[in-house]
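Read the structure below first, then the notes.
The values are calculated or read from the model by the stated rules, or taken from the named source; none is laboratory data. Values in this document were obtained by computation on a predicted structure and should not be read as measured data. Here the Cβ positions follow ideal geometry from the backbone for every residue, glycine too, while neighbour counts run over all protein chains shown.
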Amino acid sequence: MWNLLVGLVYVPYNIPMKHGRNTQTSSTGLEGSVDYEALVRGAALVDRSGRAVLGLTGRDPVGMLNAVLTNEVPKDAHLGAYAALLNPKGRILTDLCVLKSPSNERILVHTEPEGAQAAREILSRYAPFSRVKIEDLSAAADPWSVLGFYGPRAAELLGDLDLTEHESTEVKVDGATLLAVSVAVPVPGFDLVGPASTLARARDHLLAAGAVPAGRDAYETARVEAGVPRFGTDITPDNFPGECGILTRAVSFKKGCYPGQETVARMHYRGHPNRELHRLVVEGPSPEPGAEILQNDKRVGSITSVAPLPVDRQTLALGYLSRKTDLDAPLQAGGATIRPLALVGNSSR
């Protein structure tokens, strides 16, 4: 167990306030907020308390997870993974993050609220065969959740914490012990995981140390800009992993069998999906998620996410386009023109 003592180091992050709100036009071209500026240049706290957190203990939680997940959970005591749970036909029932808690050998899993029920049901179905106990930590008296701490200065405010992606360690923030897990997307930083009371104490301390609270709009803008799909929005149980750009991050083609593996492998090695998720630029009024994308008056796709804030005076979005779409010909959604930027999964993320 590696414990880090994080002291109070005040490094001010001074950005002017306007009319009591954190609004400005940043040097990144975002006509938005201090929230976004902190994400890309400073240290920002993002409330992710809606995510469900499960705790797995018993004989071999990692072995059980490797039997059902699309990705391999490393044997290293500090390394977790990003993965998905599929149905037998290869469609995504939820994605999730697997974390290691070195001090008590407990494995943690957290997922978006839209995927929480599927994660509980599927993992509970396999747990008895592997002698694994599953505890819904989100339903505890002091419910566990996730606090995002992102930006290039986040590591500094955690005592120059240096971890590889998905690596975890216990940290002490103002005397409160919680788990810090390194994340790379959509913004590099850490997910802080623990009971709500502990996270609240850590949040207050980090705010006093110079972190900035970031709202949903700023985080969603960064997510869409980076081309990171979200389960429940860009990924649903209608999707295959090969459609939504998560193969390189969430799927191992070297691991043993798991439900839906045959479909995933066949789609990857023998063909192409009928639709794929793209990063898009919207020129005109912002369409609503779910809006049809048209080409020559024919439906060729749909919008799944729209960034709430403009970046470089452009509105960014994510959406699926049919394989037959002519990417060089005009596309429309609502009253806007849509321009493809890149496939999700092939972007700089």
### Query
Within region 28-46, restricting attention to residues that are within 10 Å of A214 (Cβ to Cβ) and among the β-branched types (V, I, T), which residue is modelled with the lowest pLDDT?
V34
### Query
Filtering region 220-238 down to residues that are farther than 17 Å from Y82 by Cα and either of a type outside the set (A, V, I, L, M) or at pLDDT below 95 (or both), which residue is farthest from the chain's Cα centre (by Cα)?
D238
### Message
Please verify whether R59 is basic (K, R), closer than 30 Å to A84 by Cα, surrounded by fewer than 23 Cβ atoms within 10 Å (Cβ to Cβ) and at pLDDT 95 or above, treating the condition exactly as stated.
### Response
no
### Query
Among the candidates R125, R131, which residue alone is without any contact (Cβ under 8 Å) to a residue 40 or more places away in the chain and exposed (fewer than 15 other Cβ atoms within 10 Å of the Cβ)?
R125
### Message
So, in region 320-337, exactly how many residues are closer than 12 Å to P285 by Cβ and of a type outside the set (S, T, Y)?
### Response
5
### Message
Under 8 Å between Cβ atoms, which residue pairs at least 6 apart in sequence (or on different chains) link something in region 286-300 that is within 19 Å of A329 (Cα to Cα) with a partner that is surrounded by 15 or more Cβ atoms within 10 Å (Cβ to Cβ) and among the charged types (D, E, K, R)?
### Response
R299/E292
### Tally, over region 79-109, of residues that are at pLDDT 95 or above and in a loop (DSSP other than H, G, I, E, B)
6
### Task
Hey, can you tell me all the residues within region 323-340 that are surrounded by fewer than 17 Cβ atoms within 10 Å (Cβ to Cβ) and in a strand (DSSP E or B)?
T337, R339
### Query
Out of all the residues in region 127-148, which are over 29 Å from A211 (Cα atoms) and outside any helix (DSSP H, G or I)?
R131, V132, K133, I134, E135, D136
### Task
Would you be able to say whether some residue in region 269-286 is touching a strand residue (DSSP E or B) at 6+ places or on another chain (Cβ under 9 Å), part of a loop (DSSP other than H, G, I, E, B), farther than 27 Å from K89 by Cβ and polar (S, T, N, Q)?
yes
### Candidates R349, R299 - the one that is of a type in the set (K, R), surrounded by fewer than 22 Cβ atoms within 10 Å (Cβ to Cβ) and either modelled with pLDDT under 95 or in a loop (DSSP other than H, G, I, E, B) (or both)
R349
### Summary
Residues in region 168-202 that are part of a helix (DSSP H, G or I) and either among the aromatic types (F, W, Y) or touching a Pro at 6+ places or on another chain (Cβ under 8 Å) (or both) total 1
### Query
Under the condition of being surrounded by fewer than 18 Cβ atoms within 10 Å (Cβ to Cβ) and not aliphatic (A, V, I, L, M), which residue from region 168-192 is nearest to K75 (Cα to Cα)?
E170
### Query
Any idea which residue in region 204-227 is surrounded by the most Cβ atoms within 10 Å (Cβ to Cβ), counting only those that are in contact with a strand residue (DSSP E or B) (Cβ under 9 Å, 6 or more places away or on another chain) and part of a loop (DSSP other than H, G, I, E, B)?
G227
### Task
Could you check, for region 242-257, whether at least one of its residues is closer than 29 Å to Y36 by Cβ and part of a strand (DSSP E or B)?
no
